[in-house]
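See structure below.
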Amino acid sequence: MLKLLRIELFKIFKRPRTYIAFGAIAAIVILIQVALKYDGKSYVDLLLNNLSDSFELSDEYKNKLLNGYLICFVILNTLLIQMPLLVALIAGDSIAGEANMGTLRLSMSRPVSRTQYMTVKFLASVIYTLALLVWMAMLALFGSMLIFGTNDMVVFRSDGIEQMRHFDVLWRYFAAFGYAAVALTTVAALAFLLSVFAENSIGPIIATMSIVIVFTILSEMNIPLYDNTIKPYLFTSHMVAWKGFFYVKADAMGTTINGSIENLPAILKSLSILFIYIIIFFGTALCVFRKKDILT
Amino acid sequence: MGDVIKVSNLTKNFGKIKAVTELSFNVRQGQVYGFLGQNGAGKSTTMRMLLTLIRPDSGDIEIFGQNLNRHRKSILRNTGAIIEKPDLYKYLSGIENLRLFATMSGARVSEKKLMEQLEQVGLAERAHSKVKTYSQGMKQRLGIATALVHDPDLVILDEPTNGLDPQGIADIRKLILHLGREKNKTLLISSHLLSEVEQVADAMLIIDKGKKLVEGKVEDLFDPSETILELRIEEGLTGLEKIKNSSLDAMIQESRNNSIFLKVHQKDVKEILETVLKMDIGLISFNTKHSLEDYFLKLTSGYSYAETSSNRTF
C-alpha cells in the first residue's frame, strides 16, 4: 500500500500542472502582502469604517492591528474560496485522467485490488490538498508574521469585533488550517467521486466547481424556507466554520477569555457533517469503481 | 503440459450488443496462441475479461489452474499484458514508466534489469527521455517492455504490432518467438491480420461477432498442401470459357477482373500451368496464395480471397 501511495505521489508531483496551484497561491498571497505592506492603513480604515460610530480608536492602535495575524486572516478569507478549484484540478483528474490517458487499464491489469487503488488515489489527493495548505500556511501565516510582525489580533464581524491576545492566536490558526484541510478534503472527495464516472478530467473539475458554486450561493442566500431545510445539509454551509476558532467568549465584564471558543459544539457538528460527506463521497466512488467495466 | 488459460462459456453483453457469446478455449503452457478476428469481433473484450478489466456476464476463467476472480492478485502477478495501444505516462521517462509498472506488479527490479529490458526492445538509448517525445513505434515497444518487466509466465498482447513499421513488426515477431520458444512463456496474441499470427502461433482461435468459429493447431486447421492459383488473363479473350470447358473447371473458385482463381494442390501447380499454357488463354501472369488467408476471410467476413484480391498486392 505504501509503495502504491509513493507511486501516486510521484506521479502527481512529477506533473508540471500540479505546481500551477502552488504558483497561484504564492502569487495571490504575495500580492496581498505587498498591497497591505504599502497601503495597509487605508485597508484598516476601510475595515473600521462601519464601526467608527461606536469605536474610537487611536492611530497607534490602528497600526498595531495591521500585524501578521490579521493579514493571514484576510488571506485565508480570500483564498479558501478559490482553493476548491485548485483541489478539484487534481482530485477530478485522478481517475478520469488515467482513463483519458489509457493508463487506467494498464494499472488495473496489475495485481492491485480496486479498493487499494482507489484508497491510494484518494489518499494522494488528500496529501496534495494538505501540501497546498501547508504551503499556504507557510506563506500566509509565517510569511506575514515575518513581514508584519505579531501583535494582538482583531477579527471583524458584522456585529462587532473579536479581540485576542497575541499569545492566544497561533493555536487558533493551526486549528483553522486543520479544519480547512477537512473542508477541502470534502471537495476533493466530491471531485474524486465525479472522476469515477468520467473519461476526461474536464468534466469532473467543472462539475465539482458548479456544485460548490451552487451550494455556496444557496448557503449564503437569506431565504427563510431554506434556512432549516436545505442549508444545514449543504457541505458548503459548513466549510467556512473555521472562522469559529477566531470567535471568542467574553466574561461578564466584556473581557475576552483567553483560550476560549465561542461555539465549539457548532464547529464540531460542522466537522462531523463534513466527515460524513467525505465518507459518502468516497464510499460511493469505491462502490461504483469496484463494479465498473474498464473500457477506455 | 497443462492448460494455462481455461475459458468456459464466457459471455459479455453491453446492453443489446452481444460482445462475446459462450466462448470457450484453452491455452496450453508454452503455447503461442493466436487470437484472430476482424475488428470488433470480441478479441479485446475477451482479453479485458482475462485481465479483470471487464466483468463477464457469465462463464468461468481459470488461469494457472486457479479461478480468476478468487485468485486475481496471484494470477496477475504472473501475467503481463498490453491491451490495445499501450498508453503510458507521457510526462515520465521510459525508465520511470517501466519502474512504476514493475513496482505495481509487485516485482523488485534493479536499475540494471530495467535497462536490460529497455535494451531488449531497443530503447536503452532513450531510457531517460520523456515518453511524449517517443514515436508510436517506440511507445508500442515500451508497452511490451512494461508487460515483460516482472518476468511473467503468461503474456497477453493485444494487437502488438499496431502502429509499427515493417522493421518494428519483424522485431516484435522475433521477440514473440524468443519468448515462446526459448523462454517457454505462454503467449496469447490477438490480431486481425492472419499473416501476423500464422508466423508465430502454434495454435489459434478465430472468432467472429463474439462467437468461436474454429480453434486448434495451425497445421490441423488448414491443409498446407492447398493453395490458390491466380491466373491473370488478357481482356476480351475467351480464356475463362476455355478453362470452364476443360478439366480445370472443378477447381475454379472465383473469376473476377480478368483473373481466374483455382483451388489446387501445391504439387499440381506446375502441371496445371503447363496445361494452361497449352490452352492458349492469353495468360499474362500467375500467382499463388496460401489457402489459410482465403479460409480466414471466408470465415470472418464471408468474402473469399478472390473477392477481395483486387485491393491486394501479391
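Bear in mind these aren't lab numbers, they're just calculated from the coordinates by the rules spelled out. What you are looking at is a predicted structure, and each value in this text was computed from that prediction instead of being measured. Neighbour counts are summed over all protein chains in view; Cβ atoms, including those assigned to glycine, are modelled from backbone coordinates with ideal geometry.
Of A:SER219, A:LEU46, A:PHE275, which is farthest along the charge dipole of region A:2-291 in the positive direction, counting Lys and Arg as +1 and Asp and Glu as -1 at C-beta?
My answer, from the dipole projection, is A:PHE275.
Residue separation times 0.36 nm, minus the C-alpha to C-alpha distance between B:ALA107 and B:LEU273: what's the value? Before the final figure, lay out the partial values.
Values: separation 166, 0.36 × 166 = 59.76 nm, distance 6.01 nm.
Extra length available between B:ALA107 and B:LEU273 comes to 53.8 nm.
Quick one: helix A:202-220 against the long Cα principal axis of chain A, what's the angle to the nearest 10°, folded into 0 to 90?
30
Work out how much length B:LYS174 to B:LYS73 would gain on full extension: take 0.36 nm times their residue separation and subtract the Cα-Cα distance, in nm to one decimal.
Working: separation 101, 0.36 × 101 = 36.36 nm, distance 2.99 nm.
Full extension of this stretch gives 33.4 nm more.
How about A:LYS243: which aspartates and glutamates have a C-alpha closer than 14 Å to its C-alpha, ignoring those fewer than 8 places off in the same chain?
A:GLU162, A:GLU262
Ignore the peptide's own chain and count Cβ atoms of other chains within 10 Å of each Cβ in A:13-23; give me the average, rounded.
Values: counts 0, 5, 4, 1, 1, 0, 0, 0, 0, 0, 0.
Mean number of neighbouring Cβ atoms from other chains: 1.
Using a 10 Å cut-off around each Cβ of peptide B:102-110, what is the average number of partner chain Cβ atoms that fall inside?
Working: counts 1, 6, 11, 4, 4, 1, 0, 0, 0.
Averaged over the peptide's residues, the number is 3.
Work out the FRET efficiency for B:MET115 and A:ASP45 from their Cβ-Cβ distance, taking R0 = 45 Å, and round it to the nearest 0.05. Before the final figure, lay out the partial values.
On the way: r = 66 Å, r/R0 = 1.48.
In this case the efficiency is close to 0.10.
Of A:MET253, A:MET209, A:MET136, which is the most mobile in a GNM of chain A whose springs link Cα atoms less than 10 angstrom apart?
A:MET253
Got a sec? Which residues in region A:68-90 would a label at A:THR150 touch, if it sits 7 Å along Cα→Cβ and we count backbone N under 19 Å?
A:68-76
Counting only other chains, and only Cβ atoms inside 10 Å, what mean value do you get across the residues of A:108-121?
Values: counts 7, 17, 16, 13, 6, 3, 2, 0, 1, 1, 0, 0, 0, 0.
Counting Cβ atoms of other protein chains within 10 Å of each residue's Cβ and averaging gives 5.
Subtract the Cα-Cα distance of A:LYS3 and A:TYR38 from 0.36 nm times their separation in residues, and report this length gain in nm to one decimal. Before the final figure, lay out the partial values.
Working: separation 35, 0.36 × 35 = 12.60 nm, distance 4.83 nm.
My answer for the length gained is 7.8 nm.
Here are some pairs, B:LYS73/B:LYS112; A:LYS121/B:LYS43; A:LYS231/A:LYS269; B:LYS85/B:LYS113; B:LYS242/B:LYS270; which of them have Cα atoms lying more than 22 Å apart in this structure?
Values: B:LYS73/B:LYS112 26 Å; A:LYS121/B:LYS43 30 Å; A:LYS231/A:LYS269 14 Å; B:LYS85/B:LYS113 24 Å; B:LYS242/B:LYS270 19 Å.
Over 22 Å Cα-Cα: B:LYS73/B:LYS112; A:LYS121/B:LYS43; B:LYS85/B:LYS113.
Is it possible to state the helix-based mean residue ellipticity at 222 nm for chain B, with each DSSP H run of 4+ residues giving -39500 (n - 2.57), the sum divided by total residues, to the nearest 500 deg cm²/dmol? What is it? Show your work: numbers first, answer last.
Numbers: 12 runs with 101 residues, N = 314.
Computed ellipticity for chain B at 222 nm equals -9000 deg cm²/dmol.
Quick one, what does Rg over Rh come out to for region A:2-291 if you take C-alpha atoms and the Kirkwood Rh?
For region A:2-291, the value is 1.02.
Ranking request for peptides B:202-208, B:72-78: highest mean number of other beta-carbon atoms within 10 Å first, then the rest in descending order. Present the calculation step by step, with values, prior to reporting the outcome.
Numbers: B:202-208: 21.9, B:72-78: 18.1.
Output ranking for B:202-208, B:72-78: B:202-208, B:72-78.
What FRET efficiency comes out for the pair B:ASN257/B:GLN167, r = Cβ-Cβ distance, R0 = 30 Å, nearest 0.05?
Working: r = 33 Å, r/R0 = 1.10.
After rounding to 0.05, the efficiency reads 0.35.
Using only Cα atoms, find the angle between the long axis of helix A:2-14 and the longest principal axis of chain A, and express it within 0 to 90 degrees, rounded to the nearest 10.
70
Under a point spin-label approximation (7 Å from Cα along Cα-to-Cβ), what is the A:GLU220-B:ALA124 distance to one decimal in nm?
Distance between label points: 6.2 nm.
Please report A:CYS287, A:CYS72 as a ranked list, fewest other C-beta atoms within 10 angstrom at the top and most at the bottom.
Numbers: A:CYS287 12, A:CYS72 28.
In increasing order of surrounding Cβ atoms, one gets A:CYS287, A:CYS72.
Per DSSP helix of 4 or more residues, -39500 (n - 2.57); summed, then divided by the residues of chain A. What does that give at 222 nm, rounded to the nearest 500? Before the final figure, lay out each step's value.
Numbers: 13 runs with 200 residues, N = 296.
Result for chain A, helices only: -22000 deg cm²/dmol.
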